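The values are calculated or read from the model by the stated rules, or taken from the named source; none is laboratory data. If you're wondering where the values come from, they're calculated on a predicted model, not measured in any experiment. Cβ placement follows ideal geometry from the backbone for every residue including glycine, while neighbour counts extend to all protein chains displayed.
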Amino acid sequence: MITIQNLTKIFRTEELETSALSGINLQINEGDFLSIMGPSGCGKSTLLNIIGLLDSASDGSYTLLNQEMIGLKEKGRSSVRKENIGFIFQNFNLIDELSVYDNIELPLIYNNVKASDRKLKVEGIAEKLNIAHRLKHYPQQLSGGQQQRVAVARALINDPKIILADEPTGNLDSKNGNEVMELLTDLHAKGATILMVTHSDYDASFSQRTILMKDGVIFSEKSNQRNVDVFKV
Ligand SMILES: Nc1ncnc2c1ncn2[C@@H]1O[C@H](COP(=O)(O)OP(=O)(O)OP(=O)(O)O)[C@@H](O)[C@H]1O
Ligand SMILES: [Mg+2]
């Protein structure tokens, strides 16, 4: 589903050149649940952002669903992104000026879904994520856990094939964090491909395999015990 070869990313500012990724090779198959761990600054978010087409690589190859993404123009990138990818951010990234309903509805508008279908979908997913009673509220009126559930609803509303999550429980207490992890596990069981950045060994244990990054490279990979049977299949 995803093949990455010799991927590099250099950030250039006037004074400084940072080599954030220095030759990443990675294969992700349909239905994989992968976690990425490593110290702060090692390039995890950079890799996730490139995979999610929110940023572009400096060099190398990235094929997604048999299509080369490097060199693709913004218009092509955004259509691949909105049709296939759901992104969950650590800080939720909700739009404060929009209600919960409008935040969740946004990807459907981008995908030209007609109004009556949008309403059904938003209400359906809000019900599933236990935020139906909050649809008229604004993000700031919600707890962190509720905000993350809205962000998850927004990421999932288009039934994306690939879910990218950058420290999805990073700003949550353990109860809300667990709920998000259970939700991701559930989606994985239903066939979603998930790539999650995390600092938590506990969260990583929900995934099938963990790749460890350091200084812009992947230096090891392990399969996780909890999922070892799933992993073998
Ligand atoms: N827009 C940018 N401009 C310049 N440098 C950047 C930019 N984004 C990231 N970097 C640098 O690239 C490196 C990798 O950053 P990245 O955000 O990918 O790290 P991370 O592994 O996600 O860290 P954390 O665990 O703290 O979130 C860091 O040295 C960072 O300072
Ligand atoms: Mg990061």
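Odds and ends about this structure:
- Out of Gly170, Gly124, Gly145, one residue alone is closer than 30 Å to Asn29 by Cβ, at pLDDT below 90 and not charged (D, E, K, R). It is Gly170.
- Apart from one condition, Asn91 fits all of (1) more than 16 Å from ligand 2 (Cβ to nearest atom); (2) among the polar types (S, T, N, Q); (3) at negative phi; the exception is (1).
- Output for segment 1-44, where each listed residue is among the small types (Gly, Ala, Ser) and either touching an Asp or Glu at 6+ places or on another chain (Cβ under 6 Å) or not in a strand (DSSP E or B) (or both): Gly31, Gly38, Ser40, Gly41, Gly43
- Some residue of segment 81-99 being crowded, with 16+ Cβ neighbours inside 10 Å, at pLDDT 95 or above and either within 16 Å of ligand 1 (Cβ to nearest atom) or not aliphatic (A, V, I, L, M) (or both): yes
- Note on segment 42-75: residues that are away from ligand 2 (no atom under 16 Å from the Cβ) and among the small types (Gly, Ala, Ser) amount to 6.
- Test: Asn49 is among the polar types (S, T, N, Q) and modelled with pLDDT of 95 or more: yes
- From the options Ser61, Ser56, residue that is farther than 20 Å from Gln208 by Cα, touching a residue at least 24 places away in the same chain (Cβ under 8 Å) and surrounded by fewer than 17 Cβ atoms within 10 Å (Cβ to Cβ): Ser61
- Some residue of segment 114-122 being under 12 Å from Arg154 (Cβ atoms) and among the polar types (S, T, N, Q): no
- Selection status of Asp186, part of a helix (DSSP H, G or I), within 16 Å of ligand 2 (Cβ to nearest atom) and out of contact with any His (no Cβ under 8 Å at 6 or more places or on another chain): no
- You will find that of Leu47, Leu21, Leu54, Leu64, the residue that is under 16 Å from the mean Cα position of the chain (by Cα), near ligand 1 (Cβ under 9 Å from one of its atoms) and not charged (D, E, K, R) is Leu47 and no other.
- Verdict on Asp215 being on the phi > 0 side of the Ramachandran plot and in contact with a strand residue (DSSP E or B) (Cβ under 9 Å, 6 or more places away or on another chain): yes
- Residue in segment 30-38 that is of a type outside the set (D, E, K, R), within 16 Å of ligand 1 (Cβ to nearest atom), surrounded by fewer than 17 Cβ atoms within 10 Å (Cβ to Cβ) and at pLDDT 95 or above present: no
- Checked against (1) in a loop (DSSP other than H, G, I, E, B); (2) buried (at least 20 other Cβ atoms within 10 Å of the Cβ); (3) within 16 Å of ligand 2 (Cβ to nearest atom), Gly170 passes all but condition (2).
- If the condition is being surrounded by fewer than 18 Cβ atoms within 10 Å (Cβ to Cβ) and farther than 22 Å from Gly145 by Cβ, then segment 191-208 contributes only Gly191.
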